[in-house]
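**Student:** Take a look at the following structure, please.
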Amino acid sequence: MKKLMLGNEAVARGAYEAGVGVVSSYPGTPSTEITENIVKYEDVYVEWAPNEKVACEVAIGASIGGARAMSCMKHVGLNVMADPVFTVSYTGVNGGLVLCVADDPGMHSSQNEQDSRHYAKASKILMLEPSDSAECRDYTKKAFELSEQYDTPVFIRLSTRVSHSQSLVEEQERADKPLKDYEKNPGKYVMMPGNAIKRHVVVEERMRALEAMAETTELNTVEENGSKIGVISAGIAYVYAKEALGDKADFLKLGVVYPLPEKKIRDFAAKYEKVYIIEELDPVIEEFVKSLGIEVIGKDSFTLLGEYTPAMIKKVVLGEDAPAFDVIDEPTPVRPPVMCAGCPHRGTFYVLKKLGVTVSGDIGCYTLGATPPLQAVDTTICMGASVSAAHGMAKARGAEFNKKLVSVIGDSTFMHSGITGLVDIVYNKGNNTVIILDNSITGMTGHQDNPTTGYTIRKEETKQVNLVALCKSIGIENVVVADPFDVKNFEKVVKEELEREAPSVIVAQRPCALLPPMRKKYSGHCHITDKCKKCKMCMKLGCPAISVEGGEVKIDRTQCNGCGLCRNVCPFNAVEEG
């Protein structure tokens, strides 16, 4: 049966059909839906791990234990996963091991635009790159086969457009893959230097075998149209090139993007007057081809930045402008990124902005606390860095600076990599104030459960991490739970903790406004009464439901959910519910 599937859904289907037994991941756009779709298949063990490193290690353990295993992450998650990845390249596998990484050209939901193909080369791990949903399914199945055939983990590289676009996929039956036998083999799996030296030899031998495979595999294909122009491409860039050029070019479509097939590329390039390398982000293919002494046109004509389009490719290769898009002859409404109406983080940032503190921020929807009018967040680096970076800032600038400095980190991000930073503060006699934004869910990636929610990915009840007890157990004696919508009390708590001569944690506890219980609770609307003095204090909240029209402050009932934060900040009691 054929179905329209997202690329991520098709990867999940391919893993299921390949007989995957264990999947451990951490959510991260644009990869999240892979793991969320595998949950549909009850005969697969699936989990959200606290972070990508743990997820990878779980998958490695399952592979060594004899099961086919997979771990999925976004490109920056691969940075967190890198430690075990480089070592599992040496150990190899037992059951097939597939690592799905989704890059984000254009940075739709990411803090950088890194190219994960560099990891394949650095770790000497085979990497496949599908270009549509059908290939997502097929390549995933093939990845498990190649993993076991060549005793290697295998990367599948996706991009935002492949992950989140839909095309037809033909479903097939699940393969019966019983557990492989487990045998004690420290020479293969214990990577102390004496063993690792020998395994490095195996890795280099494996690379030679994979290079030979890349020359003959059906994943690398040539499409001839009788053109004098040759195009070498892969993934979504190949789809754009096909749309732009049609039969005006011949194509070498690379499904294996590491290792690249030297002879196949030489033979293809020799046939054409011009050869274009069309690839998003870094010139990975281009640099390899140029190292072979082949003259090609690449990044000198295309950009290193962001996503490509068929129009861009058509202009560069054919010198033709693409037809203009039909657009509505009306101004487009401006909708800058903003926290949702009723977002619990809004109260936190309102207070922090009012107090004029320096805010060391983190990765999550609360990063939007950096946008106007709140503009409270000073730094955002990576998951967990809010805690560690603030510790460094305080050590650099001293006690007086630290009295106007806080870290802000979400509950899921704290579990991911904030705990170790807090341990560092305690161990090295820091005096920082850390605010954990406990909104009862992993918000930014679509409401995934995490160790603080008390539920697994399948909504099974489990032990719930107690943030207060956890913080106290590592030496934080001062832990306060406060509701950020109780603005007066929250401001009082922040002031008190900033003055404290000891490290402290404030748990800003209020559920995400989009959770079902909160949707039920926030079912009303607020409105402005004639008590309004037009002081516009409520506008400082940055709530998308509040605006000024013709000098009058108005609340849009279609967006307002009656959370009441504006009532709490209005000095004239001019906001009422109803």
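The values are calculated or read from the model by the stated rules, or taken from the named source; none is laboratory data. All of these numbers come straight from a predicted model, not from anything done at the bench. Here the Cβ positions follow ideal geometry from the backbone for every residue, glycine too, while neighbour counts run over all protein chains shown.
**Student:** Give me the pairs: first residue in segment 133-145 and in the same structural domain as ASP176 (by TED's automatic domain parsing), second residue charged (D, E, K, R), beta-carbon distance under 7 Å, and six or more apart or on different chains, which are they?
**Tutor:** Close Cβ pairs (under 7 Å, with a partner that is charged (D, E, K, R)) amount to ARG137/ARG13; LYS141/GLU17; PHE144/ARG68.
**Student:** Would you mind telling me which numbered condition in (1) among the aliphatic types (A, V, I, L, M); (2) surrounded by fewer than 21 Cβ atoms within 10 Å (Cβ to Cβ); (3) within 23 Å of THR452 (Cα to Cα) VAL505 fails?
**Tutor:** That leaves (2) as the condition not met.
**Student:** I would also like to ask the following. Residues in segment 387-407: is at least one out of contact with any Lys or Arg (no Cβ under 8 Å at 6 or more places or on another chain), farther than 21 Å from LYS488 by Cβ and among the hydroxyl-bearing types (Ser, Thr, Tyr)?
**Tutor:** Among the residues of segment 387-407, at least one is out of contact with any Lys or Arg (no Cβ under 8 Å at 6 or more places or on another chain), farther than 21 Å from LYS488 by Cβ and among the hydroxyl-bearing types (Ser, Thr, Tyr), which makes the answer yes.
**Student:** To continue, here is another question. When you scan segment 367-380, do you find a residue that is modelled with pLDDT of 95 or more, of a type outside the set (Asp, Glu), farther than 22 Å from ILE546 by Cβ and in contact with a helix residue (DSSP H, G or I) (Cβ under 8 Å, 6 or more places away or on another chain), even just one?
**Tutor:** Yes; the residues of segment 367-380 include at least one that is modelled with pLDDT of 95 or more, of a type outside the set (Asp, Glu), farther than 22 Å from ILE546 by Cβ and in contact with a helix residue (DSSP H, G or I) (Cβ under 8 Å, 6 or more places away or on another chain).
**Student:** For segment 187-216, enumerate the residues that are of a type in the set (D, E, K, R), within 32 Å of the chain's Cα centre (by Cα) and within 20 Å of ALA143 (Cβ to Cβ).
**Tutor:** ARG206, GLU211
**Student:** Sort through CYS382, CYS365 and tell me the only one that's under 20 Å from the mean Cα position of the chain (by Cα) and surrounded by fewer than 19 Cβ atoms within 10 Å (Cβ to Cβ).
**Tutor:** Working: CYS365 fails: surrounded by fewer than 19 Cβ atoms within 10 Å (Cβ to Cβ).
Exactly one residue qualifies, and that residue is CYS382.
**Student:** Another question, then. In segment 544-574, what residues are closer than 19 Å to PHE490 by Cα, surrounded by 12 or more Cβ atoms within 10 Å (Cβ to Cβ) and of a type outside the set (A, V, I, L, M)?
**Tutor:** CYS563, GLY564, CYS566, ARG567, ASN568, CYS570
**Student:** Another question, if that's okay. Tell me, yes or no, whether segment 180-200 has at least one residue that is out of contact with any Gly (no Cβ under 8 Å at 6 or more places or on another chain), under 23 Å from ASP83 (Cβ atoms), assigned by TED's automatic domain parsing to the domain that holds ALA62 and of a type in the set (Ser, Thr, Tyr).
**Tutor:** Yes, the conditions are met somewhere in segment 180-200.
**Student:** Out of the residues in segment 268-326 that are basic (Lys, Arg) and assigned to a helix (DSSP H, G or I), state the one that is farthest from SER110 (Cα to Cα). Before you say what the answer is, go through the steps one by one.
**Tutor:** First, pick out the residues of segment 268-326 that are basic (Lys, Arg): 271, 274, 290, 299, 314-315.
Filter again for assigned to a helix (DSSP H, G or I), leaving 290, 314-315.
Numbers: LYS290: 31, LYS314: 28, LYS315: 29 Å.
Only one residue tops the list, namely LYS290.
**Student:** Related question: Would you be able to tell me the number of residues in segment 544-578 that are touching a Lys or Arg at 6+ places or on another chain (Cβ under 9 Å), aliphatic (A, V, I, L, M) and assigned to a strand (DSSP E or B)?
**Tutor:** 4
**Student:** Right, next: May I ask you to list the residues in segment 347-362 that are part of a helix (DSSP H, G or I) and surrounded by fewer than 19 Cβ atoms within 10 Å (Cβ to Cβ)?
**Tutor:** Step one: filter segment 347-362 for residues part of a helix (DSSP H, G or I), giving 347-355.
Result: LYS354, LEU355.
**Student:** Which one of these does PHE155 not meet: (1) aromatic (Phe, Trp, Tyr); (2) touching a strand residue (DSSP E or B) at 6+ places or on another chain (Cβ under 6 Å); (3) farther than 18 Å from GLY61 by Cα?
**Tutor:** For PHE155, the failing item is (3).
**Student:** Residues that are farther than 16 Å from CYS382 by Cβ and at pLDDT below 95, at least 2 per element: which helices (runs of 4 or more DSSP H) completely within segment 398-473 meet that? Show your work before the answer.
**Tutor:** Working: elements: 399-402, 419-427, 467-473.
Answer list for segment 398-473: 399-402.
**Student:** Also: Do we have any residue at all in segment 32-42 that's surrounded by fewer than 22 Cβ atoms within 10 Å (Cβ to Cβ) and among the hydrophobic types (A, V, I, L, M, F, W, C)? If you could, list the steps in order and put the result at the bottom.
**Tutor:** Step one: of segment 32-42, the residues surrounded by fewer than 22 Cβ atoms within 10 Å (Cβ to Cβ) are 36-37, 39-42.
Still in the list and also among the hydrophobic types (A, V, I, L, M, F, W, C): 39.
Yes - at least one qualifying residue is present in segment 32-42.
**Student:** Next up: Quick check, is PRO310 closer than 30 Å to CYS566 by Cβ, surrounded by fewer than 18 Cβ atoms within 10 Å (Cβ to Cβ) and not assigned by TED's automatic domain parsing to the domain that holds ILE436? First the steps, then the outcome.
**Tutor:** Values: closer than 30 Å to CYS566 by Cβ: no; surrounded by fewer than 18 Cβ atoms within 10 Å (Cβ to Cβ): yes; not assigned by TED's automatic domain parsing to the domain that holds ILE436: yes.
So PRO310 fails the test.
**Student:** Determine whether segment 332-349 contains at least one residue that is over 30 Å from VAL257 (Cα atoms), in contact with a helix residue (DSSP H, G or I) (Cβ under 7 Å, 6 or more places away or on another chain), aliphatic (A, V, I, L, M) and outside the structural domain of TYR276 (by TED's automatic domain parsing).
**Tutor:** Yes, segment 332-349 contains a residue that is over 30 Å from VAL257 (Cα atoms), in contact with a helix residue (DSSP H, G or I) (Cβ under 7 Å, 6 or more places away or on another chain), aliphatic (A, V, I, L, M) and outside the structural domain of TYR276 (by TED's automatic domain parsing).
**Student:** Out of VAL162, VAL201, VAL169, VAL190, which single residue is modelled with pLDDT of 95 or more, in contact with a helix residue (DSSP H, G or I) (Cβ under 8 Å, 6 or more places away or on another chain) and over 20 Å from LEU254 (Cβ atoms)? Walk me through how you get there before you give the answer.
**Tutor:** Numbers: VAL162 fails: over 20 Å from LEU254 (Cβ atoms); VAL201 fails: in contact with a helix residue (DSSP H, G or I) (Cβ under 8 Å, 6 or more places away or on another chain); VAL190 fails: in contact with a helix residue (DSSP H, G or I) (Cβ under 8 Å, 6 or more places away or on another chain).
Going through VAL162, VAL201, VAL169, VAL190 in turn, just one is modelled with pLDDT of 95 or more, in contact with a helix residue (DSSP H, G or I) (Cβ under 8 Å, 6 or more places away or on another chain) and over 20 Å from LEU254 (Cβ atoms): VAL169.
**Student:** Right, something else. On the given criteria, is ALA482 of a type in the set (A, V, I, L, M, F, W, C) and either crowded, with 20+ Cβ neighbours inside 10 Å or within 29 Å of the chain's Cα centre (by Cα) (or both)? Give the derivation first.
**Tutor:** Values: of a type in the set (A, V, I, L, M, F, W, C): yes; either crowded, with 20+ Cβ neighbours inside 10 Å or within 29 Å of the chain's Cα centre (by Cα) (or both): yes.
Judged against the criteria, ALA482 is a match.
**Student:** Among (1) modelled with pLDDT of 95 or more; (2) more than 23 Å from the chain's Cα centre (by Cα); (3) of a type in the set (Lys, Arg), where does LYS121 come up short?
**Tutor:** Exception for LYS121: condition (2).
**Student:** Need pairs with beta-carbon distance below 9 Å; first residue under 23 Å from ALA234 (Cβ atoms) and not assigned by TED's automatic domain parsing to the domain that holds VAL85 and within segment 151-177, second crowded, with 23+ Cβ neighbours inside 10 Å and polar (S, T, N, Q); sequence gap 6+ or separate chains.
**Tutor:** none
**Student:** Write out, first by first residue and then by second, each pair whose Cβ atoms fall under 6 Å of each other, whose residues are 6+ apart or on separate chains, and whose first residue, in segment 391-404, is under 20 Å from ASP362 (Cα atoms) and in the same structural domain as THR420 (by TED's automatic domain parsing) while the second is assigned to a loop (DSSP other than H, G, I, E, B) and not small (Gly, Ala, Ser).
**Tutor:** Partner pairs satisfying both residue conditions: HIS391/ASN432; ALA394/ASN432; ASN402/ASN431; LYS404/VAL357.
**Student:** Turning to a different aspect of this structure: How do the strands (runs of 3 or more DSSP E) wholly within segment 160-266 filter down when requiring 2 or more residues that are crowded, with 20+ Cβ neighbours inside 10 Å: which remain? Give the steps one after another, and end with the answer.
**Tutor:** Working: elements: 166-170, 220-223, 229-233, 250-254, 256-258.
Result: 229-233, 250-254, 256-258.
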